[in-house]
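Here's the structure we're looking at; comments come further down.
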Amino acid sequence: MPIFKSEWRFTLMQVLKDELRHAMLKVAQNMFLDPGYEKTSMKDIAAKVGVSVGNLYRYFPNKEALLEAVTMPAYERLLELMENSEDISANRMPIILDQLESLLAEFLREYRQSLLILLYESKGTRQENIRNEFFDRFVGHVKMHFADYNQKTAAMKQLNSDAARPLAIAFLEGYFEIIRLYSDEDQIVQAAREYVTIWFSGLQILL
């Protein structure tokens, strides 16, 4: 069935709107990293995109809404990876490292810049506590490993669950620092693989 002229025009307009929105998000993402979220205004973003400030506000009611649009996909994907992570065991470590390498490479290609904004440029926004949310969720995973270990261990050798939080935070902070320090995907993947291997070697008692 042929597309009527009005339908074709509507489809074209929607494509153009989607492309313009994508351009706004891309420019905002770049500027929220450099010079940074606080130093970037809606006027700056509009000028870089080549649209009026009013047009930008038609798509995003304020700068924080634009920040959320830029960072939420990274947030949701990282939570998904954390929640779907498989149990670690000594005999599965080579497989886990291979999976980590694949997932990290995929994540970085799509979300590295957005994650950096979320972690380091969201102060003073509704998203500034998301970093702690990542920590809290990972603490839960570490406590689970502590509990599993304690069930199989004599009382005198059991681990204090109070150690789970600093341990989990230290691990994630190191992981985030690798992503911040390196922009090259291969460097990040290699550094992360070595980092996890070193941590695993030191934590084998839990497994």
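Limited to region 62-96, what total is found for residues that are within 24 Å of residue 188 (Cβ to Cβ) and either surrounded by fewer than 16 Cβ atoms within 10 Å (Cβ to Cβ) or at pLDDT 85 or above (or both)? Reasoning before the result, please.
Within region 62-96, the first condition is being within 24 Å of residue 188 (Cβ to Cβ), and the residues that meet it are 67, 70-86, 88, 92-96.
Going one step further and asking which of them are either surrounded by fewer than 16 Cβ atoms within 10 Å (Cβ to Cβ) or at pLDDT 85 or above (or both), we end up with 67, 70-86, 92, 94-95.
The total comes to 21.
Please go through region 22-46 and pick out each residue that is touching a helix residue (DSSP H, G or I) at 6+ places or on another chain (Cβ under 8 Å) and either β-branched (Val, Ile, Thr) or under 16 Å from residue 128 (Cβ atoms) (or both). Step through it out loud before you land on a result.
Quick first cut of region 22-46, residues touching a helix residue (DSSP H, G or I) at 6+ places or on another chain (Cβ under 8 Å) only: 23-25, 27-33, 37, 40-46.
Hits for region 22-46 are 27, 32, 37, 40, 45.
Taking only region 47-56 into account, find how many residues are over 18 Å from residue 18 (Cβ atoms) and touching a helix residue (DSSP H, G or I) at 6+ places or on another chain (Cβ under 8 Å).
3
The values are calculated or read from the model by the stated rules, or taken from the named source; none is laboratory data. Worth saying up front: this structure is predicted, and the values here are computed from it rather than measured. Positions of Cβ are generated from backbone atoms using ideal geometry, with glycine treated the same way; all protein chains shown enter the neighbour counts.
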